[in-house]
Amino acid sequence: MSIDPLTLYASKMREVKASNQLLDAVLQQADDERAAADEDDIHHPTANDTEPESASSRGFNQPRAKRSPSFKFALAACLVLLVGIVGISLAMPVLSGPNSTFVGKGGTSPFAVQAYGAMDDTLLPSGSQGALFFNCETETQRMIPVQADEYANEGFYSGCVFSVESSEKEITRIQANVSKGELYRVTSKVFSRESDPEFAREANGWKWYKIGQGDYLKKYDYVAGVPYYGTIHEGEENVGKDRNDPSRTSKVNLYQRLGATIDTDVVSEPETDMSNYAFGLWTNEPFDMMAYDPDNPDNYYPDANINRALDTLDGAQLTVTVTFADGTCATQVIDLHAADFKANIITTADGINHVEELVPEIIEVPERTLNQVIEDRNNGFASIHTLYGLVNETNEEPFPCGEASYPYLDTPLTQPRQLDPPPEPTNEQRAAASSLPPGPFIPRENLSEFGTSYDDGNGTVTTFDSVERLETLPEGMGIADLIVYYEGSGGQYDADTNTIVVSDGYTIASDGKLSDGYSYVLFTMTLTNTSGEESGKFLGNGVFATLEKEGDGYRANHINMHGPLWRSDHVGETWRSDYYFHTMAPGETHQFSVLNVVPNETLNNPSLVFVYAGLAGEPEGKAIQVGALQ
């Protein structure tokens, strides 16, 4: 199956798992390398040794190893191979690949720095060969502002997130410092529109200009939903659920910048157990930002700016100190490096979307054009540009990096974006806005009356039966029966006012009454499936329009309105994404009604028609004459 690059690049998420075969292979290679070292007295380089030049050792302004690009919303989870030496001091297993024999050092430590989610996503089992490898926050939506001033303010959330744990003692305090950039705290919330509608509205409506606002999210600098949540593996909670199902769960990650130095003794609420604290690496360090050249679009490297921002953290040092309940301290100093890792592409449970599986192998990735990247991904090649860490030092000394940068912080450090007011329209723009947009040309002979049948050539014959104008909903129908009542369908239900706000510019009150200037139109038609097989028929085709004389026919000035709000004979929930389709058996004939909302100005026009063909670029349109509807 080929990979849809739009889906692949928009997802911005890595799902990182390691198979048993992969674990065995890495462990076997580690054993082989140790045996060779013992036999030949080979010195394995440490974090302080001079390493062969690679993407991780060059400065970001120097020539760099070429990397795999993606769209701005890239599939991009970061790996932090943060090593926790627990109980014994052994060399780390070797990462395979060219020029990639990396070994951490340091003595025993009573705590471990673990990548977020390590309980589920360890690359190697806990305690294997005396070293621990962990994946990063696999759900990160890595993105970077396109403007330099926005990047300076909002920065880049790398997704390299870690927690601090101990199986030996109770941790009562965590202090940490990063020598480049800042640290941020990340918390998560799982919800559905059904279980928590107020939080869902605020989370789904979060934008950069809403920083510092809201009842639930005003303390956070960044809010990001998790793509494909609950659909990655068979048996997960959202597999098989319609995307519009109100009970479908979502997960949102909430990010709070804390500065370069943090201290959990002075972290603002919510308080939580130390093991539930998770911190990540953030940067707004300047770099050579690649600009899109419209004259040379094939040369654009979509993921370059994300990779270059990450490279500003290459060479940073992370210092973590914990205080235990007995009053003792322990400190780890970890060196961070950037590199490209090989990745496998796997398909999600729905068989449509794709995520990536990290392979612990550092590789050199040549820079390619977008088309080359797509071709490589279709052939199963992918990579992840990320950070890894090597323990440089462990000791039992107090925290050496001073006080927290922002004690008891409860307001965002990031400033909200300012929305510039729209420019005053010109007279030409006002005139254009007051006119209905042009539609298809309709020859005189293509205008017909109700009762006309139309064969679309694809197995459907439609007979147009009748039309009726209504001031309120048909009897027995409520606003919850309308598809726009449900989020994602062109409308938004406001529980405070018990009304629906529709994206076309009108509202529907709780009793079905429309805002001034609009009316309902009930349109009835009969469909026949003339194909020799069962097929789904779409009931949302067509648009109401007015006509202007043009040559030997008419020009339709159609309106840009949402499709039908309701259809008859639907089996199942209204919010389903297949709402407008009806499955018909071979030869079956069925009458349907659909409910539209149309501006009164259009309905009062004597030239009112219903255009049912010519809206998809055909040279000529076809329409049913309606006339002014009273």
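Of note:
- Local electrostatic count at His570 - Lys and Arg +1, Asp and Glu -1, tallied over other residues with Cβ under 11 Å: -2
- Here the peptides 207-214, 186-193 are ranked by packing, the mean other Cβ count within 10 Å, and the order with the highest first is 186-193, 207-214.
- With a cut-off of 11 Å between beta carbons, the residues surrounding Pro586 carry a summed charge of -3, where Lys and Arg count +1 and Asp and Glu -1.
- Stretchable slack from Asn600 to Gln415, in nm (0.36 nm times residue separation minus alpha-carbon distance): 62.2 nm
- Full extension of the chain between Ser568 and Lys241 gives 115.4 nm of extra length, using 0.36 nm per residue less the Cα-Cα distance.
- Which listed pairs, of Lys169/Lys219; Lys241/Lys622; Lys189/Lys241; Lys241/Lys342; Lys169/Lys207; Lys513/Lys622, have C-alpha distances above 30 Å, in listed order: Lys169/Lys219; Lys241/Lys622; Lys241/Lys342; Lys169/Lys207; Lys513/Lys622
- Nonlocal amide H pairs with Gly212, under 5 Å, H built at 1.01 Å: Tyr220
- Other residues lying with their Cβ under 11 Å from the Cβ of Gly155 contribute a combined charge of -4, Lys and Arg counting +1, Asp and Glu -1.
- In nm, spacing of pseudo-spin labels at Val146 and Glu396 (7 Å Cα→C-beta vector): 5.6 nm
- Kirkwood hydrodynamic radius (C-alpha pairs) into Stokes-Einstein, the stretch 310-399, 37 °C and 0.692 mPa s, D in µm²/s: 203 µm²/s
- Applying both filters, DSSP loop and at most 14 other Cβ atoms within 10 Å, to the GluC sites (Glu not before Pro) of the stretch 175-272 gives Glu194, Glu234, Glu237, Glu271.
- Think of each Lys and Arg Cβ as +1 and each Asp and Glu Cβ as -1; about the Cα centre, that makes the dipole of the stretch 508-576 roughly 80 debye.
- Nitroxide proxy distance, nm - points 7 Å out along Cα→Cβ at Asp504 and Met477: 1.2 nm
- Per-peptide average of other Cβ atoms within 10 Å, ordering 492-499, 153-160 highest first: 153-160, 492-499
- Sequence of Tyr520, Tyr300 from largest to smallest accessible area, 1.4 Å probe: Tyr300, Tyr520
The values are calculated or read from the model by the stated rules, or taken from the named source; none is laboratory data. Since the structure is predicted, the reported quantities are computational estimates derived from the model, not experimental observations. As a convention, Cβ positions derive from the backbone with ideal geometry for all residues, glycine included, and neighbour counts pool all protein chains shown. Accessible surface areas use protein heavy atoms only, side chains included; no ligands, DNA or RNA. Shrake-Rupley method; radii C 1.70, N 1.55, O 1.52, S 1.80 Å.
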